Amino acid sequence: MTTPAAIDHYENFPVASWLCPPRLRPPIAAIYHFARTADDIADEGDAAPAQRLADLAAYRADLHAIARGAHPSPRWPAVFTPLAAQMRAFALPLQPLDDLLSAFAQDVAKTRDGAAYADMAELLDYCRRSANPVGRLLLHLYGVTGDEALAESDAICTALQLINFWQDLSVDIPRGRYYLPLADCAAHGIAITHPATQFAALRSDENTTQLIAACARHARASMQKGLKLVHRIPGRAGWELRAVVQGGLRILDKIAALNHRTLEHRPTVGTADAPVILWRMLWM
């Protein structure tokens, strides 16, 4: 996990951080490159949706091959050679990695169809597969177990994903990614029947800012549910998690400072925010 501003290509990974325990850098890097490459397949370049989905299916087949000790295809050796080694060395579970691919494929399909999420429950199911696996893989590496820790990790990762959505509305909507749930839109007087045209036409007004404010409150509440996890993670990794949490909460502060007008403006966290984040880390 990392702060939403720390990695601009794929969220939620502490890549090569000085806070990361050195012995865990190889497996974390292998997981990151697996996810980043899948993200590229789903999102980069000009491939048609059918090709993206076919490539993700081939990528998934390679994942399952190394999980059972077989050889993957020669298409992505820089991904699957190190990942296979780290799966063996750390007994990395297959399911979280598979869930990530499911989420990437869903993004492709939703964008292809110009579709939005019906309600928050459907969006949270997406977060369960797009974000929560990262935290569960890291807990596995840190040797932290137990239902409470898993639930707290899920709450933090879901919060980070939601924060990223509400931060990136001005970027995602023009790309055909519609994460504001339709039921929540309707509850705030915004009837969306044709997402591809109506989301693109949204502008900041009383209804949209109240909608985004409600979504931001949901994200903050989710983050609050996971706060105890920072005391379960040992050593430097626990401090990294503190930075993750406070970075996410700082983005929410900046969204609020914009009066939730993120349909036009994308708030970011920079070096000027470091003292605030560090101070809050110390008092967690």
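Figures for the structure shown
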| read-out | value |
| --- | --- |
| Which numbered condition residue 223 fails, given (1) closer than 19 Å to residue 128 by Cα; (2) modelled with pLDDT under 95 | (2) |
| The lone exception for residue 145 - which of (1) open to solvent by less than 10 Å² (accessible area, probe 1.4 Å); (2) free of Cβ contacts under 8 Å to residues at least 12 places away in the same chain; (3) β-branched (Val, Ile, Thr) it fails | (1) |
| Any hit, the range 60-81, residues being under 13 Å from residue 31 (Cβ atoms) and not hydrophobic (A, V, I, L, M, F, W, C) | no |
| Members of the range 99-131 that are of a type in the set (A, V, I, L, M, F, W, C), within 20 Å of residue 58 (Cβ to Cβ) and in contact (Cβ under 8 Å) with a residue 60 or more places away in the chain | 100, 101, 104, 105, 108, 109 |
| Residue under evaluation residue 165, criteria (1) closer than 23 Å to residue 112 by Cβ; (2) open to solvent by 50 Å² or more (accessible area, probe 1.4 Å); (3) at pLDDT 95 or above, criterion not met | (2) |
| Some residue of the range 151-162 being surrounded by fewer than 22 Cβ atoms within 10 Å (Cβ to Cβ) and within 25 Å of residue 25 (Cα to Cα) | yes |
| Where a residue in the range 72-98 is without any contact (Cβ under 8 Å) to a residue 24 or more places away in the chain and its partner, wherever it lies, is open to solvent by less than 50 Å² (accessible area, probe 1.4 Å) and of a type in the set (Phe, Trp, Tyr), with Cβ under 7 Å and at least six apart | 72/80 |
| Conditions (1) surrounded by 15 or more Cβ atoms within 10 Å (Cβ to Cβ); (2) modelled with pLDDT of 95 or more; (3) not charged (D, E, K, R): number failed by residue 61 | (1) |
| Subset of the range 129-167 [outside any helix (DSSP H, G or I) and under 12 Å from the mean Cα position of the chain (by Cα)] | 131 |
| When residues of the range 112-133 are limited to those that are open to solvent by 10 Å² or more (accessible area, probe 1.4 Å) and in contact with a strand residue (DSSP E or B) (Cβ under 9 Å, 6 or more places away or on another chain), the one farthest from residue 51 (Cα to Cα) | 116 |
| Criterion violated by residue 71 - all others in (1) modelled with pLDDT of 95 or more; (2) under 21 Å from the mean Cα position of the chain (by Cα); (3) not in a helix (DSSP H, G or I); (4) not hydroxyl-bearing (Ser, Thr, Tyr) satisfied | (2) |
| Selection count, the range 79-109, where residues are farther than 27 Å from residue 221 by Cα, buried (at least 17 other Cβ atoms within 10 Å of the Cβ) and among the charged types (D, E, K, R) | 0 |
| Identity of the residue in the range 168-206, open to solvent by less than 60 Å² (accessible area, probe 1.4 Å) and of a type in the set (S, T, N, Q), that ends up nearest to the chain's Cα centre (by Cα) | 170 |
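A quick yes/no check of all residues on (1) closer than 21 Å to residue 214 by Cα; (2) open to solvent by 20 Å² or more (accessible area, probe 1.4 Å); (3) touching an Asp or Glu at 6+ places or on another chain (Cβ under 8 Å):
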position	(1), (2), (3)
231	no, yes, no
238	no, no, no
256	yes, yes, no
260	yes, yes, no
267	yes, no, no
275	no, yes, no
278	no, yes, no
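The values are calculated or read from the model by the stated rules, or taken from the named source; none is laboratory data. None of the values given here were measured: they were computed from a predicted structure. When we count neighbours, we look across all protein chains shown, and the Cβ atoms used for this are built from the backbone with ideal geometry, even at glycine. Please note that ligands, DNA and RNA were not included when accessible areas were found on the heavy atoms of the full protein model with its side chains. Shrake-Rupley method; radii C 1.70, N 1.55, O 1.52, S 1.80 Å.
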